[in-house]
Structures are given as structure tokens and as C-alpha cells.
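Here the structure is laid out as C-alpha cells; the discussion comes afterwards.
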Amino acid sequence: MVVRCSCGRVEFEAKGMPILTSACYCDDCQRASRELESLPGAPRLLGEDGGTSYVLYRKDKVAFPKGKELLRDYRLEGEPFTKRAVASCCNSAMYLEYEKGHWFSLYRDRCVGPIPPVQMRLQTRFKPEAAVLPKDAPAFKAFPPRFIVRLLWARLAMLLGR
Ligand SMILES: [Zn+2]
Ligand SMILES: [Zn+2]
């Protein structure tokens, strides 16, 4: 799968299947998406229901062949270990990275190619009150065990070199 900024100068490659696909409704993702999509020329990030969609990939499965030097870190106040990478050429948000983690949360709208539909909706206790969530995937008020388990499995596979 290819991950591309809206003008095409930054391009990544993500190999194999993602760890999972999700939409996050937490207050930090809402705030970050709102700030990032308000940058000049930036594409939209926030869904109409207040969710931000991600495709999670192991860090070792993502390569940065093109335009890596154009990436800029964007940090929200009060989120010391999390940064979001923005392509400075066109202000496209590319991914969210929890620096202590072993995965990238790629912004789904930047992903080109066959991607599984959203598999879980997370942190829905923060969703805007009026928002109606699509019924296509289970919704969780917080991070459910199955989310943690998928991340742990991915970590294990990574350690085993698979
Ligand atoms: Zn660009
Ligand atoms: Zn979030």
C-alpha cells in the first residue's frame, strides 16, 4: 500500500496487512484533526461523526522512499509522547506516532490501495453528542481488550521477525 500526501511529493510504502483499521473519537484526535485540517490548503481529517480514521502498521513495515525531509512534527500540548507528522509541501497530515510504541497510525485518507474497512471505533465516549455512529463496526467507549491484544500480537510477531 502507498501512503501519499495530497500533492504527491511525500510517499511511503506500507508492506503487508495492517495491524488493524480504526476510527478514533478521543478528545486529542478531535483537537489535532481540527487543528491540522485548518492549516493552509490542508485536506480534511475529521469525519462528520467526529472520528479520525487510521490504518495501523508496524513501524518496521513502513518505508519512506520519497520526501521524508518534508515531514514536520506537530505536537499537541499535554501529549508528551505523541507526535503527528505533517507533509510541509501541502499540509497533509500523514501519521500519528506514539513514540514509545511499535506502530504508526497512518491517516486513512492518505492511504492508496485496498484497505480493510474500519474494524473498530474507539474512545466513543468523547464523540460529539449529536453524532450518530455508523453500525459497520463495533464501537467502544475506551480502548477495548481486542485492540490491546492486536497491538501485542503485532509486537510479538515483530520480535520474532515475522
Ligand atoms: Zn505534499
Ligand atoms: Zn484518538
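Each value in this text was obtained by applying a stated rule to the coordinates, not by laboratory testing. This is a predicted model, so every value here is computed, not measured. Please note: Cβ atoms are built from the backbone with ideal geometry, for glycine as well, and neighbour counts cover all protein chains shown.
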Next item on the list: For the chain, with a Gaussian network of springs between Cα atoms less than 10 Å apart, report the residue from Met17, Met94, Met120 with the top mean-square fluctuation.
Entry: Met17
Checklist line | Spatial separation of Cα centroids for the stretch 1-18 and the stretch 107-129, in angstrom | finding: 17 Å
Margin query: Which three extents, in angstrom, do the Cα atoms of the stretch 29-83 have along their principal axes, listed largest first?
Written below: 32, 24, 24
Notebook entry, point to check: Modelled label-to-label distance, Ser6 and Ile115, 7 Å Cα→beta-carbon offset: nm?
Noted result: 1.5 nm
Next item on the list: Taking 7 Å along the Cα-to-C-beta vector as the label spot, tell me the Leu133-Tyr98 distance in nanometres, rounded to one decimal.
Entry: 1.8 nm
Notebook entry, point to check: Which percent of Cα pairs goes in each bin when the distances of the stretch 1-137 are cut into 10 angstrom slices starting at zero?
Noted result: 12, 45, 36, 6, 0
Margin query: Can you compute the helix-only [θ] at 222 nm over the chain? Use -39500 (n - 2.57) per DSSP H run of at least 4 residues, normalise by all residues, nearest 500 deg cm²/dmol.
Written below: -5000 deg cm²/dmol
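So what is the relative contact order of the stretch 2-159, in percent, for Cα pairs below 8 Å that sit 6 or more residues apart?
Details: 311 pairs, mean separation 44.4, N = 158.
Averaging sequence separation for qualifying contacts and normalising by length gives 28 percent for the stretch 2-159.
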Next item on the list: Kindly count the pairs of lysines across the stretch 2-159 whose alpha carbons are less than 24 Å apart, treating pairs on different chains or eight or more residues apart as eligible.
Entry: 20
